[in-house]
Protein chains: 2
Amino acid sequence: MRDSSADNSCSSPRTPNLRQRRRSNEIPPEILKSNGTILLVNDKFKYKSMWIRAYSSLWMLAFVSLIIYMGHLYIWAMIVVIQIFMASELFNLLRRANQDKRLPKFKLLNWHFFFTAMLYVYGRILSQHLVNTVTSEKIFYRLVSNLIKYQMVICYFLYIAGFVWFILSLKKRYYKYQFGQYAWTHMILIVVFTQSAFTVANIFQGIFWFLFPALLIAMNDVAAYFFGFFFGKTPLIKLSPKKTWEGFIGASVATMIAAFTFANFLGRFQWLTCPRKDLSTGWLECDPDPIFKPEYIPMPEFISHWIPEKEIAVLPVQWHALWLGLFASIIAPFGGFFASGFKRAFKIKDFGDSIPGHGGFTDRMDCQMVMAVFVYIYHQSFVVQHDYSIDVLLDQIMRDLGFEEQLALYTKLGQILQERQLMHI
Amino acid sequence: MRDSSADNSCSSPRTPNLRQRRRSNEIPPEILKSNGTILLVNDKFKYKSMWIRAYSSLWMLAFVSLIIYMGHLYIWAMIVVIQIFMASELFNLLRRANQDKRLPKFKLLNWHFFFTAMLYVYGRILSQHLVNTVTSEKIFYRLVSNLIKYQMVICYFLYIAGFVWFILSLKKRYYKYQFGQYAWTHMILIVVFTQSAFTVANIFQGIFWFLFPALLIAMNDVAAYFFGFFFGKTPLIKLSPKKTWEGFIGASVATMIAAFTFANFLGRFQWLTCPRKDLSTGWLECDPDPIFKPEYIPMPEFISHWIPEKEIAVLPVQWHALWLGLFASIIAPFGGFFASGFKRAFKIKDFGDSIPGHGGFTDRMDCQMVMAVFVYIYHQSFVVQHDYSIDVLLDQIMRDLGFEEQLALYTKLGQILQERQLMHI
């Protein structure tokens, strides 16, 4: 079912016919290398494949739009579903049926670790937001804060249970396969949960921080395809023979421009820009963060001759958008190269076949993952205002401490500040 | 150099002669199974091996005692050295020299990831303690807090640099080996850094929380050896044929008793029990945590007939010690089984040969790792008083916020508490 020429990654739609040809060696690899464009011409299945891909892309777009309209919790649920699909695709990748037959319930162990990781990662995120959702009823509050307090122990013992289970399940002559699977499961969980934890964190900081980067990746993808299609000549990287420097550079420029203009549009919707601190799905209203408040910049002379406007409204977030665009077009594609290389190494075509024309979920998420982590760290380091970190600390105080302890902290802080004030004066 | 019968793990000293015999099949495996004790008798190299092991154990003990006397920073440095040795042992484990020859500088990449992980993990711990060490000079304070703020970005880009480096280093026909190594490197880093991050965190919560669990593991190790030696009959687990149920259960009981009594002794030294919040190495004094303050329990009637004392001084930490002892003797050995199984799977005898009679550093650390993580989580969940978490939050406020922001937080907190107070009255 799976063949050995996996070229697709972020920005290269698949051309099945070509792959068949390469397998049967009709086109010698030298020609492919010397002229990358040949890959996309004279291919009778090309248009069919393109239409399938475009069609399922449209459906995905519509579905994702609906989910985003429905709210943060639904987006989170979508992430969880995608995550389960990805994990399932990846778990199956390195399995060998004949070995599994002799190891009953060994597959179940993967999912035990998966749900333990889920409880751990999402438990933490949930707890941060639950505190703002909870009513002031003291008993419920106590219960929740106790659950949060022991969440780490519970997860640890679930993990240890899996660990012991694994050791007891070890079977002679299967050691190597079993240890390989154990390591593989852990790698998958790290990749899948790192990505989704950051993505969910981004969502609650404002849907903008989830939606905008995802769109940038998609845009860069499409742009690279078209630039490569029309201008592609110089091959970019051996891992993905269909990629060209022309596509890469053209897409970068296009993505930067798109990022700058599109941020101005998306940044005007409060539904997208307000952070969500509780777990409800209702409408969001907030005093927009300064980076989403337009600043008026006088139009340069040479342009203002031609159009009536004398100044231009720029949201400060647009400058940040340029950095995101730069990352999305220069670094994120390496996520795709990595996936291509991986597929080549293990001689598979796609990670799965859940999305017609796109392959599996993992195939679509390779660059998105790299991006989500970057956006989170960028946002934390360069966007978050100190005012926000006051709020985070306040949340923490409200969550971790009982009322009497809050009072004690307040008193202590007062003393420290008074001492400091004396020192400074 | 490495043979295929790796039986050693936490609590089983090696008996080289036996291994040679088993290899040459002088003793049929059935006998080994039905009577575990035969493994340790009639072995002319046994005593030599035992002496080598005891001798290097003594040296290690002396060295570790000196380091502990010297202070927290030196213990940390020791952990780092052990860590580097472990990583180096593990990195070399799955390398193939003939493949590496064709991949120049590929080995360097491992260490790039290693030091990136180190910067990330220790940077965070360092930053938490640095804030209490720093003088009140504003410029220095600003500099440090800026470094802390951008630490995550710096580490992220170092990681991304390694990621891109890896992808660009991919060489045809070596894909599978390279991806395997990449995954292996990540597994090693996770194991090594999870363990050491928790260990270092334990050290700063009081050396007790590092030293005591480590001693428990060592005690259980020795006890299992002697109980197995004298009473061992029933084989425990196929992975380690030299282990017996008698050794396992005997060691558990001995460890529990040792834990209870030993905690009473160690818990009386302030040098061991006080948490360290700064980065100096000077003498520690503190008002001992309530769990280290003796409580006097009346001696039961039937004992007080025989000895003059009417009551017994118990430190509350001794009850916690029982749980640690239970874990050290029941769950932690699975760390050893895991290592045994791993060595069998990959047909190696030891992870290294740095410690005469013990194998490599990794061979000595297998159970310690599982324990360190447990101790940290146990301490956080069941030992830390709320009073302490007030301190943690105060530290965070002092570290993350500037003076004006601290004032703002103080004001906001005051308002919230006032509202709450009104609600409660």
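The values are calculated or read from the model by the stated rules, or taken from the named source; none is laboratory data. In this text the structure is predicted, and so the values were computed from the model without any measurement. Backbone-built Cβ (ideal geometry, glycine too); neighbour counts: all protein chains shown. The accessibility values were calculated without ligands, DNA or RNA, using every heavy atom of the protein model including side chains. Shrake-Rupley method; radii C 1.70, N 1.55, O 1.52, S 1.80 Å.
Laid out as a table, the results:
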| quantity | calculated |
| --- | --- |
| Selection from the range A:198-213 of residues that are in a helix (DSSP H, G or I) and over 23 Å from A:PRO333 (Cβ atoms) | A:VAL200, A:ALA201, A:ILE203, A:PHE204 |
| Pairs with Cβ under 8 Å, 6+ apart, first in the range A:275-301 and among the acidic types (Asp, Glu), second at pLDDT below 75 | A:ASP278/A:HIS129; A:ASP278/A:ASN132; A:ASP278/A:THR133; A:ASP289/A:GLN385 |
| Residues within the range B:220-253 that are in contact with a strand residue (DSSP E or B) (Cβ under 7 Å, 6 or more places away or on another chain) and open to solvent by less than 20 Å² (accessible area, probe 1.4 Å), tallied | 4 |
| Those residues of the range A:164-181 which are among the aromatic types (Phe, Trp, Tyr) and more than 7 Å from chain B (Cβ to nearest Cβ), in sequence order | A:TRP165, A:PHE166, A:TYR174, A:TYR177 |
| Any hit, the range B:198-215, residues being within 14 Å of chain A (Cβ to nearest Cβ) and in contact with a helix residue (DSSP H, G or I) (Cβ under 6 Å, 6 or more places away or on another chain) | yes |
| Test for A:ALA313: is it assigned to a strand (DSSP E or B), of a type outside the set (Lys, Arg) and touching a Pro at 6+ places or on another chain (Cβ under 9 Å) | yes |
| Criterion (on the phi < 0 side of the Ramachandran plot and within 14 Å of chain A (Cβ to nearest Cβ)) met by exactly one of B:ALA332, B:ALA313 | B:ALA332 |
| Test result for A:PHE374, within 15 Å of A:LEU216 (Cβ to Cβ) and either in contact with a Ser or Thr (Cβ under 8 Å, 6 or more places away or on another chain) or at the interface with chain B (Cβ under 9 Å from one of its Cβ atoms) (or both) | yes |
| Residues within the range A:158-215 that are over 30 Å from A:ILE291 (Cβ atoms) and either more than 27 Å from the chain's Cα centre (by Cα) or aliphatic (A, V, I, L, M) (or both), tallied | 28 |
| Total residues in the range A:388-417, condition more than 8 Å from every other protein chain (Cβ to nearest Cβ), modelled with pLDDT under 85, surrounded by fewer than 17 Cβ atoms within 10 Å (Cβ to Cβ) and more than 13 Å from A:GLN205 (Cβ to Cβ) | 3 |
| Positions within the range B:335-366 being open to solvent by 50 Å² or more (accessible area, probe 1.4 Å) and more than 10 Å from every other protein chain (Cβ to nearest Cβ), in sequence order | B:LYS349, B:ASP353, B:SER354, B:PRO356 |
| Pair list, Cβ < 9 Å and 6+ apart or interchain, from the range B:150-163 residues that are within 9 Å of chain A (Cβ to nearest Cβ) to residues that are open to solvent by less than 60 Å² (accessible area, probe 1.4 Å) and outside any helix (DSSP H, G or I) | B:ILE160/A:ILE331; B:PHE163/A:ILE331 |
| Filtered residue count, the range A:164-218, keeping only those that are of a type in the set (Phe, Trp, Tyr) and without any contact (Cβ under 8 Å) to a residue 24 or more places away in the chain | 3 |
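A quick yes/no check of all residues on (1) assigned by TED's automatic domain parsing to the domain that holds B:PHE227; (2) over 12 Å from the mean Cα position of the chain (by Cα); (3) of a type outside the set (Lys, Arg); (4) modelled with pLDDT under 85:
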| position | (1), (2), (3), (4) |
| --- | --- |
| B:LEU324 | yes, yes, yes, no |
| B:ILE330 | yes, yes, yes, no |
| B:PRO333 | yes, yes, yes, no |
| B:ASP353 | yes, yes, yes, yes |
| B:GLY359 | yes, yes, yes, yes |
| B:THR362 | yes, no, yes, yes |
| B:CYS367 | yes, no, yes, yes |
| B:TYR378 | yes, yes, yes, no |
